[in-house]
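Have a look at the structure below before the remarks.
The values are calculated or read from the model by the stated rules, or taken from the named source; none is laboratory data. This structure is a prediction, so every number in the text was calculated from the model and none was measured. Note that we place each Cβ from the backbone using ideal geometry, even for glycine, and neighbour counts take in every protein chain shown. Just the protein is used for accessible areas: all its heavy atoms, side chains included, with ligands, DNA and RNA removed. Shrake-Rupley method; radii C 1.70, N 1.55, O 1.52, S 1.80 Å.
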Amino acid sequence: MTTHRLSLLAGGASALVLAALIFASPAAAKVASAAAKDKAKPEAQKSADDLGQVIIVTASGRDKTKMQSSMSISTVSLGQINDFTPRSEAEVFRLIPGIQAQDTAGPGGNSNISVRGIPVVTGGSEFVQLQEDGLPTVLFGDMNFGNNDYWTRYDSSVARIEAVRGGGASTFASQAPGAVINYVSDTGGRDGGVIALNKALGYDETKIDYAYGGHLSDTLRFHIGGFVKDGSGPTHIGYNAEQGYQIKGNITKDLDGGKGYIRLNFKRLDDKEPTYTTAPSLASVSGNQITGFSVLPGFDARKNSNQSIYNQNFQVLQDNGQLTSVPMEGIHVKSTSIGGEFHYDFSDNFSVHDALRWTDQSGAFRTQFVNVATTSSILGSTVNGRTVGSIVYANGPKQGQVFTGAYVNNNPNIDTEMPDMGSFVNDLTLTGRAEIGGGKLTAKAGWFHMRQSVVQDWHINRQYNELTGDNPAQLDLFSGSNGAGAQLTAAGQAGFNDNWGSCCSRSYDLSYIDDAGYLALDYLIGQFDIDASLRQDSMKASGWARGGVAGPDVTVSDNLGSATLPSLVANGPMEVLDYSKTYTSYSVGMLYSLNPDTSLFARVSRGGRFNADRQILGGNFNADGTLNAQGATTAVNFIDQQEAGVKRKGAIGDVVYNIEATYFRAQLTDNNYDFTRITLGLNPVISNVYHSDGLEISGNLRWGDFSLYSDATAVNAKIVATGKIPHATPNLTFLISPTWDAGGYALGASINGQTSTWVDDANTYKVVGQTYVNGFVKFRPYKGLELAINANNIFNTLGYRGSGSLLPISANQGVFQNSAVLGRTVTASIRYKF
C-alpha cells in the first residue's frame, strides 16, 4: 500500500470514528454511570482533554470551558506531550489540529508554522503567536533569523498548552489573527515534583527534566522547573552541538480567601541547538510528481548533517574590516525574563487582571546552509574573476588531494548576530458583569503595550565544502588543474558577506511599540451566548538599517596557501524608520447549547498583523522614515475568517468521549517583501490573495484502560489570481494516538502524516505525502517510578514536509533539497514523580 493511500485511509478512519461520536444520541450518552465517567484516566489524558472541565485562559473574553466557548480550542496535556516525545517545539504543535508545522529545522526553532491553509508567505510564523502565560514571547513571529519558536522550550515547568485557532485570536492578541498557542505554567497547586533522565539510544544526547512545587502556607505556593541538555544530537555532528538549560519559576500569594492573587515569575534560557537546513535525497520523478525518496550516496538525510569538525568554526568580516572567528553553533539563544501577574475580584461584578514581563534576549544564528551543485558545474565556472580548473580538499584526512566527488555544497555559511531581541510587555484588563434583560453581560476592556527590539548583524559568506554526512571537509578552488595555478578560496571561503548580494550584508537597530486597546462583550441568555470584540493596534516604528557596499579585499591563509577574497560590508546609506500605523480587528461569535453536552457555534472575524523587519532595505520608506506608497501597502496584512462548528461530550456505555468539528473559511490579503526572491530573479514585492476552506475534526475517548486521541484537518487552499495551491499546504493532515494504560504498564503510538504538497507556488513539482509512526512503552515497578522507551519515526521513513527544490539529473530522477524529517530516534527514560 502506498504512503499516500495509507495517509488517506488513516485520516478517513479518524474522521469516521469521530463523526460517529458526534451523532451518538443523547439517550445513549446517559447510559454510562457516574462511576464510569469518573474512572481514573491514564496520565496522558489527565487535566487537559475535557470540553466541560478545563477553564480556558488563552485569548478568551470571559472564564469559559471549551464547551462554552464559540471558538476552536485545543488543550494538550503534559502526559500527551511526553508520550509523543517531541524533538522540537514545532513537533509539539503537530498535536494541535489545524496547525501545519514544518517541523524539520531542529530543536532550536526556525520552523514555518501555518494554520488552516493560510500559507507562510515569507517564512516563520506570520499569523501564529506563541505565548508563555498569556503574554507573547516576541511581538512578531516571523522576524528574520528570530522566529518566535527560537525563544520557547517545552519542559516540566509547563502544566499544559492551550491553542486558540481561527478568528477569535484576532481581538484577544496582537499580531495573531491565525492562532495563539499558549504555554501555561504549573503554579504549584499540587505539592510534589518530578525528575527525569532521558538518554538517547544510538546517538549522543542526554537530557534531565525536573520540576518541584507546592504550598509554603495556606496562601503561598511556588513552582520551579526546567531542563539541562547535552550531546551531539541525532544527526551525529562530530562535536558537542547540543548544550543548554532552562529554569522557570513562579511564586503565588493568594489574597483575601481566594478573591485574587499576586504572582511573580522568572525564566532563564541559555540553549545551543543545531539547526537542520537542507538534507538532500535522490527523488524518483514521474512527470511533475515526486513519488519517493532514496538515500543520496554519501548523505543520508535521516541522520546526517553538513556540520562537521572541519567547519566547526569559520571566519566572518565585521563592518569595521576586522576578521573574527565564530563557532558553528546553530541557533544559540539567551533569554532572561522577570514578570508578574495581579488579579483581584473587587466584587462579584468587577475584577482587574494585569500581567507584565521584561525580557533581556539575545542570540546568534550560525550554521552551514546546503545547496547541491554538480562538480561539473563548478569546474569551468568563474569564481573571483578566474576560471575554476580544479577542486582540492582544504582540510581533513584528504587535505591537498584533488576532489573528484559528483556533488559539491556551494551554499553559504551564515553568522547572524542578535545582540538585542529584548522586549517589555504589559496587558491590563478590567472586567465587569451585570444581569441585563434576563441574561448575564460580561464586559472586558483592556490595554496591551509591547516594545520589541530587533537588533541584528548579518554575515552571509560564499563557501564550498564536501557534500557528505560524515564530517565533510572544506574545499578550495584553484585556477589550474590538480591544484595548480592561483588559489581562489581559503578554508573553503570564497567571499565575505556577499553570497546573496548587497541586500543581505546588513545591519540594523530597530524598535517597535504596539499599543492596542480592546473591548469584548459577552451576553449569556438562556441557551445562547453571544460575543463581540474589537481591537485597535497602533504601531510606532523607529530605528535604522544599512545594506551592503563593497568592502576591502581580504587576504586569508589556510593549509594550502592563501587567497585574496572580495567582501561586502553593511556600510551603505542609512535607511531611517520613523512611522506610525494603525489597524482595527473585530470578531463576532455565537454559541447555542442544545443541552449540557452539545453546543453549536459560529464566528465571523477580521484580523490584521504588522510587517516589521521584513520591510527594511526594500524601498518602503521615505527619506524622513515615513512609509511611502509601497511601504504603506506592505505594512499590514489582513485575514477575513468565518467558521461554524459543533462540540460534544458524553458517554456510550462505558466509553467516555468528547469531540469538536469545525468548518472554516479564510481569505488572506498578503502584501509583503521577500529579499530571498531577488536571488531567484523574482520580484521581491509580493501581493497575493489566498483563499482556504476546510474541516477540522478532533476528539478523544476513554474506555477503561484504553484512550484514543485523534484529529484530522482537510483543507482546500488556493492562490486566487492563479488558481494554484500554495506551496507546503497539504489537503489533509492527521494524527491518531491510541494508548493503553493499565497502571503498572502502558503502551501507545501516534500515527501522523499528510497528503502530497507542492514545492512552490507555481506548482512545478508535487511531493508525495507520507506517514510517520511514533510509539512508547512504560513500566511502573514502584509508586512514582516510571521506566520508558520512546521511539520516533519507528519505520525510519525518509521524507519531507514543506517546500523544496529539485535538481534534475535524468528524466525520472533528481536530487531533492529541503530539510528532512529525522529518521528513527529512540530514547530511554527514568522518571520519578513525588
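Let me spell out the model: positive unit charges on the Cβ of Lys and Arg, negative unit charges on the Cβ of Asp and Glu, origin at the Cα centre of region 443-543. What dipole size does that give, in debye rounded to 20?
260
At what distance in nm do the modelled label points of Ala629 and Ser810 sit from each other, each positioned 7 Å from its Cα along Cα→Cβ?
Distance between label points: 5.4 nm.
Show me, for region 181-198, the HN-Hα J-couplings you get by feeding each phi into the Karplus relation (A = 6.51, B = -1.76, C = 1.60, θ = phi - 60°), rounded to Hz, glycine and proline as x.
So the J values, rounded to whole Hz, are 10, 10, 7, 8, 6, 5, 10, x, x, 10, 6, x, x, 8, 9, 9, 10, 10.
Given H placed 1.01 Å from N in the peptide plane, which residues other than close sequence neighbours of Gln100 have an amide H under 5 Å from its amide H?
When sequence neighbours closer than 5 places are left aside, the close amide H contacts are Ser114, Val115, Arg116.
Take Thr564, project a point 7 Å from its Cα along the Cβ direction, then tell me which residues of region 313-347 have their backbone nitrogen under 19 Å from it.
Counting backbone N atoms under 19 Å from the label point, the list is 317, 321-323.
Å³ per residue of the Cα convex hull, for region 617-764?
Measuring per residue, one finds 180 Å³ for the Cα hull of region 617-764.
Once every DSSP H run of n ≥ 4 in the chain is given -39500 (n - 2.57) and the sum is divided by its residues, what mean residue ellipticity at 222 nm do you get, rounded to the nearest 500 deg cm²/dmol?
-1500 deg cm²/dmol
When a/c is below 1.5 the answer is rounded, else prolate if a/b is larger than b/c, else oblate, so apply that to region 684-834 with a ≥ b ≥ c taken from the square roots of the Cα gyration tensor eigenvalues.
prolate
Students often get this wrong, so check it: of Lys581/Lys718; Lys199/Lys783; Lys272/Lys718; Lys207/Lys783, which have C-alpha atoms separated by over 26 Å?
Lys581/Lys718; Lys272/Lys718
Is the shape of region 147-206 best called rounded, prolate or oblate, per the rule: a/c under 1.5 gives rounded, else a/b larger than b/c gives prolate, else oblate, with a ≥ b ≥ c the square roots of the Cα gyration tensor eigenvalues?
The shape class here is oblate.
On alpha carbon coordinates alone, what is the Rg over Rh value for region 214-351, Rh being the Kirkwood radius?
1.24
Considering just Cα atoms, how many Å³ per residue does the convex hull of region 685-729 enclose?
87
How many nm is it between the label spots at Ser347 and Tyr239, if each spot is 7 Å from the Cα in line with the beta carbon?
6.6
Multiply the residue separation of Leu600 and Lys398 by 0.36 nm, subtract the distance between their alpha-carbon atoms, and state the gained length in nm to one decimal.
65.9 nm
Taking θ = phi - 60°, what integer Hz values does the Karplus form 6.51 cos²θ - 1.76 cosθ + 1.60 yield along region 804-819, in sequence order, with x for Gly and Pro?
x, 8, 10, 9, x, 10, 6, 5, 10, 8, x, 9, 8, 10, 5, 6
Where in region 536-563 is the amide nitrogen less than 16 Å from a point lying 7 Å along the Cα-to-Cβ axis of Asn482?
Of the residues in region 536-563, none has backbone N under 16 Å from the label point off Asn482.
Enumerate the amide H contacts of Leu565 below 5 Å, restricted to partners 5 or more residues apart or on another chain; note that Pro and chain-start residues carry no placed amide H.
For Leu565, the qualifying residues are Val554, Thr555, Val556.
Taking only Cα atoms of region 419-536, what ratio of Rg to Rh do you get with Rh as the Kirkwood inverse-distance radius?
Result for region 419-536 is an Rg/Rh of 1.44.
With a 1.4 Å probe and all protein chains left in place, how much accessible area per residue does the chain have, in Å²?
On a per-residue basis, the chain sits at 35 Å².
Using the Karplus curve 6.51 cos²θ - 1.76 cosθ + 1.60 with θ = phi - 60°, work out ³J(HN,Hα) for each residue of region 735-747 in order, rounded to whole Hz, and write x for Gly and Pro.
8, 10, 9, x, 9, 10, 10, 9, x, x, 8, 8, 8
Enumerate the aspartates and glutamates that Lys259 could reach by cross-link, defined here as Cα to Cα under 12 Å, with residues fewer than 8 away along the same chain left out.
Straight-line reach from Lys259, under 12 Å: Asp345, Asp348.
Search the structure for amide H atoms under 5 Å from the amide H of His727, placed 1.01 Å from N in the peptide plane, and list their residues when 5 or more places away or on another chain.
Asp761
Between the helical axis of 3-22 and the dominant principal axis of the chain, each derived from Cα atoms, what acute angle in degrees is found, rounded to the nearest 10?
10
Scan (i) 2, 13, 23, 26, 20, 10, 4, 1, 0, 0; (ii) 2, 8, 11, 13, 14, 13, 12, 11, 8, 5, 3, 1, 1, 0, 0, 0, 0, 0; (iii) 2, 12, 19, 21, 18, 13, 8, 4, 2, 0, 0 for the value of P(r) over Cα pairs in 10 Å bins from 0, in percent calculated from this model and give just the label.
(i)
What distance in nm separates the simple spin-label points at Asn763 and Lys833, each placed 7 Å from Cα in the Cβ direction?
So the two model labels end up 4.9 nm from each other.
Rounded to a whole number, what % of the accessible area of region 576-631 do carbon and sulfur atoms account for, probe 1.4 Å?
Carbon and sulfur atoms account for 59 percent of the accessible area of region 576-631.
If I compute solvent accessible area with a 1.4 Å probe over the protein chains, what percent of it on region 242-340 is carbon and sulfur?
Carbon and sulfur: 51 percent of the exposed surface of region 242-340.
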